[in-house]
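Novice: Take a look at this one; I'll ask things after.
Please treat every number below as a calculation from the coordinates, not as lab data. A quick note: this is a predicted structure, and the numbers were derived from the prediction, not measured. Quick reminder, even Gly has a Cβ in these numbers, built from the backbone with ideal geometry, and neighbours come from all protein chains shown.
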Amino acid sequence: MALDPGHNGQSISVFDKITGVEMRDYPNGAEDADVFAVATTAKRALERAGYTVVLLKKNTSESVTYRQRVDRAERAEADIGISIHTSPGEHSVFDQRLGGYREGTGADGQTLRVTFKNADLARKSGRLSSKFATARSQVEGRQVNVVQNNFGGRAPLWAGDLPMISLISQKVPWVYSEFGTVDGGGGSNPIGPTGRSLYARSIVAATKAAVPNTCE
Ligand SMILES: [Zn+2]
């Protein structure tokens, strides 16, 4: 499995050679170290439980595009890719929904709309996301739902409803996780040691629920 500590060490904007989408990413304050710590803790726990885990970012300052992350997951033959993010007031999971899309200005200056059309992968991601969200709900003691994202009004990010990494992953089913603490931690606001510990436990339990380790 592949754990993806979200966000990039620096602001980047690169057009994906395969799909043409603009892969724009940026450091996001406290989120970078928070999700890296959570991913590292979760990796250790999952390895102790017998899983093979690859981290898709080597350290908080590494610059690695969404395509490079997907390539790393594919090279590792991951059976699931999990993007780990935090956001204030947000505790939800985004699946690779069939018909999900992003739209914006391509490298040639023309408007480009890229739609997720892989029905088989959408089904897999939907199943995994649903198990993942249910297990997170139990650990976090609150309802975590599988929902659709909305990137409208977030220019210069392309409009649409699917995270870029979920849109471009065509072999590995992807689950995109957002977490916020009850007191407003998440995104550029630190989630604190308690938040990190809870999120890591939640990711571990959710991953085990989604992918029983007889598959590993
Ligand atoms: Zn994020």
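Novice: Work out which trypsin sites (Lys or Arg not before Pro) in the chain are exposed loop sites (DSSP not H, G, I, E or B, at most 15 other Cβ within 10 Å) and give the longest gap free of them.
Specialist: 59-116
Novice: Exposure proxy check: T52, T181, T19 ranked by fewest other beta carbons within 10 Å?
Specialist: Numbers: T52 14, T181 21, T19 17.
Fewest-to-most ranking of T52, T181, T19: T52, T19, T181.
Novice: Sticking with this structure for a sec: To the nearest Å, what is the center-to-center distance of the range 1-60 and the range 119-153, using C-alpha atoms only?
Specialist: So the separation of the two Cα centres works out to 18 Å.
Novice: Most exposed first by the Cβ proxy, i.e. fewest other Cβ within 10 Å, how do V175, V64 rank?
Specialist: Working: V175 30, V64 17.
If I rank by nearby Cβ atoms, fewest first, I get V64, V175.
Novice: OK, next. By how many degrees, between 0 and 90 and to the nearest 10, does the Cα long axis of helix 30-48 differ from the longest principal axis of the chain?
Specialist: 60
Novice: Further, regarding this structure: What distance in nm separates the simple spin-label points at Q110 and Q138, each placed 7 Å from Cα in the Cβ direction?
Specialist: In this crude label model, Q110 to Q138 measures out at 5.1 nm.
Novice: Give me the distance in nm between label points sitting 7 Å out from Cα along the Cα-to-Cβ direction at A33 and S197, one decimal.
Specialist: Simple spin-label model gives 1.8 nm for this pair.
Novice: Let me see the P(r) profile for the chain: every Cα-Cα distance counted, bins of 5 Å, each bin given as a percent of all pairs.
Specialist: Each 5 Å bin holds this share of Cα pairs: 1, 8, 16, 21, 23, 17, 10, 3, 1, 0.
Novice: Taking the Cα centre of the chain as origin, work out the dipole magnitude from +1 charges on Lys and Arg Cβ and -1 charges on Asp and Glu Cβ, in debye rounded to 20.
Specialist: 460
Novice: To test your reading of the geometry: what angle, between 0 and 90 degrees and rounded to tens, separates the Cα axis of helix 119-140 from the longest principal axis of the chain?
Specialist: Compared with the principal axis, the helix lies near 40 degrees.
Novice: Could you pull out the pairs from K131/K171; K43/K117; K17/K43 whose alpha carbons sit more than 24 Å apart here?
Specialist: Working: K131/K171 20 Å; K43/K117 31 Å; K17/K43 30 Å.
Listed pairs above 24 Å: K43/K117; K17/K43.
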